[in-house]
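Coordinate-derived values only; no laboratory data. Worth saying up front: this structure is predicted, and the values here are computed from it rather than measured. Every residue, glycine as well, gets a Cβ built from its backbone with ideal geometry; the counts of neighbours run over all protein chains shown.
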Amino acid sequence: MAQGPTITTIAERAGVSIASVSRVLNGLPTRQETVRKVMAAAEELGYVRNAVARSLKSRRTHQVAFAMADVGNPAYLAMLREIQPVLKAAGYRLVLHSTGAVVADEIDVLHSLGERYVDGMIMVPLRVTEAHLQMLGAARAPVVVIGSVPEGTPVDNVRADSRTGVRLAVDHLHALGRCRIALVNGPTDTVPGAARGAAYREALAELGLPYDEELVEIGDFYRAEGGRAVAALLNRVSDVDALMCANDLIALGALDVLRAAGKRVPEDVAVVGMDDTDLAAASWPSLTSVSLGSAERGRVAAELLLDRLQDGEHEPRVVTVPPRLVVRASTTPEPPAVRDVTGAAGQAATQSRSTEGGGTS
């Protein structure tokens, strides 16, 4: 079935920005020439506003949207488990959007805020494009973004500190005597992929270890893709003694491939994941993983959104949740029960834009 017209296709036909289309369709003040172009393109493409959604513009819906890339990803589920009860206690229902990390779908979800079918949104974009930034700037309802956005973006923002998290993992592997530490990453045009790739290079440099392109393999953030990436890496490099994986799903794929190849974990190859999902403790061997506080980020995001709905006048806030390394059997045959190594003292800190730190995602 052919997909109907979207604000992206209208913007392309009219020759204007996505934000301009959103402003016109939501009745915001806009240059008459822009209005004419947008309305002509919308009519030509057969775009029809949702009359029911339009009727909701002037009143609260007591609904909040949660938009994520993949409803099956355990890190997002950990966020959801914290978001839902916080919102429910405040009298809000939750509307879920699984976008598949398709940028056009995420842009349409942001545009739909103008129809006021929800009072606000929590979004976890895998990529942050110029189109995202345009729509966040034009949003007619509060949005909280989980993940890094550029300084000056007018939204509340909850971040993980990938830089410190990767450093904890690489330091741990190096302390165990591993010196051929490979990175199995997701796409580097994504927020987590870019952050973890940069953090890996920094961690090696801090330890005085050389960066070797041969030890970096790019796949995707899924178990099967992670397995394929590790297989390609092992076919190319024979002396890898540790794998730093960009998330737990990649790490589980790594364990599958290592087991099939007759490699012992951790004796031959140590493996570290990221996110410390429920799967990490349940895997065999149990997976050492960097917790990026997925549940905490979900809870904080929900609280920030509720604050914004009650008082929309304060400056955008940035909250960084510190990571911790959870040591299990995939890096040492006799792990110390479960040992937590924190990356920062104390609780997550709330910062204004002017004091925002870098290197988080």
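Summary of computed values
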| item | result |
| --- | --- |
| Extension gain from Glu206 to Asn235, taking 0.36 nm per residue of separation minus the Cα-Cα distance | 7.6 nm |
| For the chain, size of Cβ-based charge dipole, Lys and Arg +1, Asp and Glu -1, in debye | 1060 debye |
| Volume per residue of the C-alpha convex hull in the chain, rounded to whole Å³ | 157 Å³ |
| Within the chain, longest stretch clear of exposed GluC sites (Glu not before Pro) (DSSP loop, no more than 14 other Cβ within 10 Å) | 1-150 |
| For Val95, residues with placed amide H under 5 Å, excluding near neighbours | Val64, Ala65, Phe66 |
| Cβ-based net charge around Ile146, under 12 Å, with every Lys or Arg adding one and every Asp or Glu removing one | 0 |
| Mean ellipticity per residue at 222 nm, deg cm²/dmol - from DSSP H runs of n ≥ 4 across the chain, formula -39500 (n - 2.57) | -12500 deg cm²/dmol |
| Karplus (6.51, -1.76, 1.60) ³J(HN,Hα), θ = phi - 60°, over region 294-300, in Hz, Gly and Pro reported as x | 4, 4, 4, 5, x, 4, 4 |
| Hz values of 3J(HN,Hα) by residue in region 83-96 - Karplus curve (6.51, -1.76, 1.60), Gly and Pro given as x | 5, 4, x, 4, 5, 4, 4, 8, x, 10, 8, 10, 10, 9 |
| For the chain, share of DSSP beta bridges that run antiparallel, in % to the nearest 5 | 25 percent |
